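Only one structure is covered here, and it is reproduced in the block below.
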Amino acid sequence: MYELEINHVSHRYGDYRVLNDINLQILPGQIVAMVGPSGCGKSTLLQAILGTHPPTEGEIRADGVLINKPSRNVGIVYQQYSLYDFLTAEENVAFGLKLDETSLPSRIFSYRSYAKKRQVHLRKAREFLEKVGLSSAMGRYPAELSGGMRQRVAIAQAFILKPKIVLLDEPFGALDETTRQELQMMLLKFYQENLKAKQRGERPEYTIIIVTHELNEALYVADRVIGLSRYHTQSEKGAMIVYDRPCPVFSPDDPRDFSKLVEQREELRKAVFDESYIKDHNKYVSFWSELAQDSQLAATAAANQPAPRRIR
Ligand SMILES: Nc1ncnc2c1ncn2[C@@H]1O[C@H](COP(=O)(O)OP(=O)(O)OP(=O)(O)O)[C@@H](O)[C@H]1O
Ligand SMILES: [Mg+2]
């Protein structure tokens, strides 16, 4: 079963057609980077997946369930921190659980049972804050946190509701380089947790689409990169997915050596950003065929033990 399925999605604002026939399936535990020229429709696609702006054509499903309004199946983190100034980090993270699992009358009239639930929510919030490396800042208010810390809180806030998928819309765009690198590292750690969960036969917890303008970042944090662009033969009908390929997986212990990304980065730049290079939009859409080839390789490797297997 796919965690996310986008079937023949198009979107228009009035007469202006932004998205044209987007098709995408995402597996549990994938971290997918989305790149594309400014204004091509990346945020529009995320809003459609979030359910705040359902597409004008086509359908989107999370874990098989049709998305036509916001729900706890999909979470989002924006570039600008969306935290409540009057709540501590811990209370901010617990806030979604409070809204989701209690009502105002229950908080007032069944105060005892609410107080119990509240303790559970705060405990969960603390667990998540530890996961994102913020154990020391639980009781601090947003004004007392750095930009990177606030984004960590926002990410914990999104994941605590156990959504099927979390959307990150240029989440690190406002951060300095060092902080950005720390948060990239956090995503690599999430990916390792996903791999471990899969090895245990469990559903991986972190399925993510991250929009970024940094091609190195896209190739570094994700296991798959998609490119959305109007620079293709059917451009008058809107942006399509013109690039969809696997990319190398980095573990948090690997050196940040981007030299192995150079070739793919150049291919990505040409395919998605180069206006002078109009192409068939299917030319670089090969994720599933490469995955199938890879599984075949893996099967052959398994048959001829002890050949190494590339983990994805
Ligand atoms: N609510 C709206 N009404 C009308 N047009 C809109 C609306 N929102 C976005 N657009 C237009 O749709 C197009 C896609 O916008 P969108 O914000 O999805 O692009 P983007 O790829 O996220 O860009 P960026 O990289 O700059 O964030 C743009 O031309 C934008 O002007
Ligand atoms: Mg955008």
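Stretched out fully, how many nm does the piece from Lys189 to Arg112 gain, at 0.36 nm a residue minus the Cα gap?
That pair, Lys189 and Arg112, stretches by 23.9 nm at full extension.
Please report Rg over Rh for the chain, where both radii come from the alpha carbon positions and Rh follows the Kirkwood definition.
With Rh from the inverse mean 1/r over Cα pairs, Rg/Rh is 0.99.
Where the Cα atoms of region 84-162 are projected onto their three principal axes, how long is each span, largest first, in whole Å?
38, 23, 18
On a 0 to 90° scale, report how tilted helix 147-159 is relative to the longest principal axis of the chain, with both axes built from alpha carbons and the result rounded to the nearest 10.
Rounded to the nearest ten degrees, it is 90.
Could you tell me which trypsin sites (Lys or Arg not before Pro) in region 214-262 are loop residues by DSSP with no more than 14 other beta carbons within 10 angstrom of their beta carbon?
Arg256
Label-point separation (nm) for Asp176 and Ser71, each offset 7 Å from Cα along Cα-to-Cβ?
4.3
Starting from the 7 Å offset along Cα-to-Cβ, what nm value, one decimal, do you get for the label separation of Lys270 and Ala292?
Calculated label separation equals 2.5 nm.
Which of the aspartates and glutamates could a cross-linker bridge to Lys279, judged by Cα under 17 Å and excluding same-chain residues fewer than eight apart?
Asp21, Glu236, Asp244, Glu266, Glu267
Give me the lysines in straight-line cross-link reach of Lys98: C-alpha distance below 16 Å, same-chain residues under 8 apart excluded.
Within the straight-line limit of under 16 Å, Lys98 reaches these lysines: Lys116, Lys117, Lys124, Lys162.
What is the dipole size for region 84-162, taken about its Cα centre, with +1 at each Lys and Arg Cβ and -1 at each Asp and Glu Cβ, in debye to the nearest 20?
Using Cβ point charges on Lys, Arg, Asp and Glu, region 84-162 gives about 300 debye.
Calculate how steeply helix 89-101 sits against the longest principal axis of the alpha-carbon atoms of the chain, using the helix alpha-carbon long axis, and give the answer as 0 to 90 degrees to the nearest 10.
Once rounded, one gets 90 degrees.
Using 7 Å Cα-to-Cβ label points, what is the Ser146/Ser235 separation (nm, one decimal)?
Roughly 4.2 nm, to one decimal.
Of Leu187, Ser135, Val221, which is farthest along the charge dipole of region 118-221 in the positive direction, counting Lys and Arg as +1 and Asp and Glu as -1 at C-beta?
Toward the positive end, the furthest listed residue is Ser135.
Against the longest alpha carbon principal axis of the chain, how many degrees, from 0 to 90 and to the nearest 10, is the axis of helix 111-131 turned?
Roughly 40 degrees, rounded to the nearest 10.
Would you compute the Debye intensity of region 35-85 from its alpha-carbon atoms alone, equal scatterers and no solvent, and pass along log10 I(q)/I(0) at q = 0.14, 0.18, 0.27, 0.32 Å⁻¹ to two decimals?
Computed log10 I(q)/I(0) values: -0.42, -0.65, -1.09, -1.24.
Bear in mind that the values in this text are calculations on the coordinates, not laboratory data. In this text the structure is predicted, and so the values were computed from the model without any measurement. Positions of Cβ are generated from backbone atoms using ideal geometry, with glycine treated the same way; all protein chains shown enter the neighbour counts.
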